[in-house]
Amino acid sequence: MPQKKKAPSSQLAGTDTLDRRNNSRKHEQLDAFREDASGEALTTNTGVRIADNKNSLKAGERGPSLLEDFIMREKITHFDHERIPERVVHARGAAAHGVFKLYEPLAELTKAAFLNDTQADTPVFVRFSTVQGPRGSADTVRDVRGFATKFYTSEGNFDLVGNNMPVFFIQDAIKFPDFVHAVKPEAHNEMPTGGSAHDTFWDFVSLQPESAHMVLWTMSDRAIPTSFRAMQGFGVHTFRLINAAGKSVFVKFHWRPLSGVCSLIWDEAQKLAGKDPDFHRRALWEDIESGDYPEWELGLQVIPQADEDKFDFDLLDPTKLVPEELVPVRKVGKLTLNRNPDNFFAETEQVAFHVGHIVPGIDFSNDPLMQGRLFSYTDTQLSRLGGPNFNELPINRPVCPFHNNQRDAIHRQTVNKGRAAYEPNSIDAGWPKETPPAAQGGGFESYPEPMTGIKLRKRSDSFSDHFSQATLFFNSMSPHEQEHIISAYSFELSKVERVEIRARQVNEVLANIDMTLAKRVAANLGLPAPKGPTVELAARKLRASPALSQANLLPGNIKSRKVAVLIADGAAAADIAALLAALKKEGASAKLIGPTAAPVTGSDGKPLVPHGSYEGLPSIAFDAVFVPGGAAAAKALAGNGAALHYLLEAYKHLKAIALCGEAGELAKQLRLEADAGLLAGKDGKALLAGFRKAIGEHRVWAREPKAKQVPA
Ligand code: HDE
């Protein structure tokens, strides 16, 4: 219920100056709850104005505090209870508001209003997360990322609670607590924070071969994205869509980032976890504040009901994806994140997603993982948010009307009028009343799927091939992606203390995915080479799926890319000006990085004010490095260890580097050979075209073998 009406958000400071016409419906509702204390008196919670907020009430200046100090007691009591339990998984997250816009009506597929109205601006709230680590853990750990979207539609909230990988570790919800207990920090010493490189995780997954495919995804570059905006999203399960005539199709939901799909280098990810644990949330925040809004397209893979059995896997098995070469992804709309939350706790922490929040025209499938989730997500909010009224929290409220006979419970905010909280009733004329199912705007109706069966605990035989798609994924990777996977398994398993667990993973899982993978990892662990697969592998119709490789998912532009410009006294102002103009044209940006935060003097005698120092804003925070010419500046950099390390690290991480004019000498000093991404010697303007091309390719993969020799 609205409590306080303050100035409309458009008149408030900070993020409120941004353009947000697109999501006004949710924000009009939230405005009623927003609190702006500027110009207001400090009061207690009951509205009493406070005269002294610095001293507690005492018996004499140096005497004991008095119990009657209701002002201090209220303040400290509230403080004592500020924390709520963090999410049992996906505790670490960041979120933003946005809008979803449909490209064309999908009436043939679904009656859902928001998927039929191209004029509607459907407000959304999206929360990204890691899975394993606690609220305060680092953003760049090797992990799955949550990608949860709440659509506030005219027919109720639809939550698409997905991940950045299209499959999952287990097939049946009953295994989820086991899986989570295995991956979480170990029970005896609560280590490690944020990652899966430890005994209990590998013990579990090596005994649970259905995890093979998903573990391969988490050992791939997908588990260390450069940013949230560079991730795909997937609904994972097969859902149903139902049209107005009652016809149903199966569907897989996809999010396609317009920034392309890009990842960190593992060394970068590890360093960032220490140097900027907020790396991903900071980028999301800053991009939105600067008006560089992250965007995704919603994609659908539609599978006619008649085709349910046409695949060599079961559509209900969440460890399988539907290759895009078999069922193409149809792009149906665009999501734009265009507003940061006003308050992290009230919005990002209190938002409650639930796979069971669907609207007419969308329905569940019998995927046994999804079925279990339908129970879990409400249940978990009861302990996390304290009771069943969490839907009344501002961030969770639908923007359409909502009325029913549910009453009371802790922290109830709605003041329900009327006497009859039951149905049927005659006292309140029968209100609120049911809506009969109808094509549009009607009451929710489950898809009338015929059901028969005996009660049993059994996994369907159609769920038993655990390796074919893992092999498909490995085959589909480019050579450098395969190398990263081999390194990731070798790194993770080297942290496992028990040799028998390492060997089990290599011999009983990896050997069934790919023998080269298994042998290379075995060699890195000093284990005997596995003899061969331990299970008979099913015939594989598809050898590779190019759509799975990130090498094929670059955006084709350099929008949003970030360049570090290393400056020192005497830096060539013309080079900097040429770079900034070129980047601006393409929606990319640059930051000036100096020896310290103090201004330096450019070649034109004007001050250059750094955004940060070589140590404070390291190369790992950027996509590329640019060093302007100027003899004095090049000399200063040549004698500065932090600057030299900056360049070595950028080189090691395969980034585009432009060393203009005299700065070209730095390459010689560091013995770095010119390549497609290391451009040296000419003035800034002459280097720009090559520099832009190298940034567009994201990394200089050909440099990778050489970069391994670099001590940075
Ligand atoms: Fe979740 N999951 N999950 N999960 N999940 C939660 O709900 C659960 C699964 C996902 O930003 C919890 O509110 C079970 C698959 C995301 O707030 C909890 C099973 C996928 C988020 C829960 C799964 C997900 C969660 C913890 C197996 C990808 C973060 C706090 C049956 C499709 C949402 C909460 C946010 C959060 C249970 C499996 C994605 C405990 C039982 C598969 C993105 O309810």
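The values are calculated or read from the model by the stated rules, or taken from the named source; none is laboratory data. For clarity, every value in this text was computed on a predicted model and none was experimentally measured. When we count neighbours, we look across all protein chains shown, and the Cβ atoms used for this are built from the backbone with ideal geometry, even at glycine.
The table that follows gives values for the structure above.
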| read-out | value |
| --- | --- |
| Residue among K519, K541 that is under 26 Å from F313 (Cα atoms), of a type outside the set (A, V, I, L, M) and over 30 Å from the mean Cα position of the chain (by Cα) | K541 |
| Residue list for segment 90-127, filter: within 16 Å of the ligand (Cβ to nearest atom), buried (at least 24 other Cβ atoms within 10 Å of the Cβ) and not in a strand (DSSP E or B) | R92 |
| Candidate set: segment 329-381, residues that are polar (S, T, N, Q) and touching a strand residue (DSSP E or B) at 6+ places or on another chain (Cβ under 9 Å); chosen: the one nearest to the ligand (Cβ to nearest atom) | T348 |
| Subset tally (residues that are assigned to a helix (DSSP H, G or I), closer than 21 Å to L216 by Cβ and among the aliphatic types (A, V, I, L, M)) for segment 173-203 | 3 |
| Residue tally, condition closer than 30 Å to L688 by Cα, assigned to a helix (DSSP H, G or I) and among the small types (G, A, S), over segment 540-560 | 1 |
| Matching option when the condition is assigned to a loop (DSSP other than H, G, I, E, B), surrounded by 15 or more Cβ atoms within 10 Å (Cβ to Cβ) and either in contact (Cβ under 8 Å) with a residue 40 or more places away in the chain or more than 16 Å from the ligand (Cβ to nearest atom) (or both), among E445, E423, E449 | E445 |
| Residue among E40, E74, E82 that alone is modelled with pLDDT of 95 or more, part of a helix (DSSP H, G or I) and over 30 Å from H254 (Cα atoms) | E74 |
| Residues of segment 231-273 classified as away from the ligand (no atom under 16 Å from the Cβ), under 30 Å from D139 (Cα atoms) and among the charged types (D, E, K, R), total | 4 |
| Leading residue by the ranking (farthest from the ligand (Cβ to nearest atom)) among those in segment 168-182 that are of a type outside the set (S, T, N, Q) and buried (at least 24 other Cβ atoms within 10 Å of the Cβ) | F169 |
| Residue match in segment 131-147 (condition: outside any loop (DSSP other than H, G, I, E, B), within 16 Å of the ligand (Cβ to nearest atom) and out of contact with any helix residue (DSSP H, G or I) (no Cβ under 9 Å at 6 or more places or on another chain)) | yes |
| Residues (β-branched (V, I, T) and within 16 Å of the ligand (Cβ to nearest atom)) located in segment 54-89 | I84, V88, V89 |
| Matching entry among L527, L517, L537, L510 (being among the hydrophobic types (A, V, I, L, M, F, W, C), assigned to a loop (DSSP other than H, G, I, E, B) and under 18 Å from S476 (Cβ atoms)) | L537 |
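The rows are residues; the columns are (1) among the small types (G, A, S); (2) surrounded by 21 or more Cβ atoms within 10 Å (Cβ to Cβ).
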site: R282; (1), (2): no, no
site: G291; (1), (2): yes, no
site: I303; (1), (2): no, no
site: D312; (1), (2): no, no
site: P318; (1), (2): no, yes
site: L326; (1), (2): no, no
site: K331; (1), (2): no, no
site: L337; (1), (2): no, yes
site: N340; (1), (2): no, yes
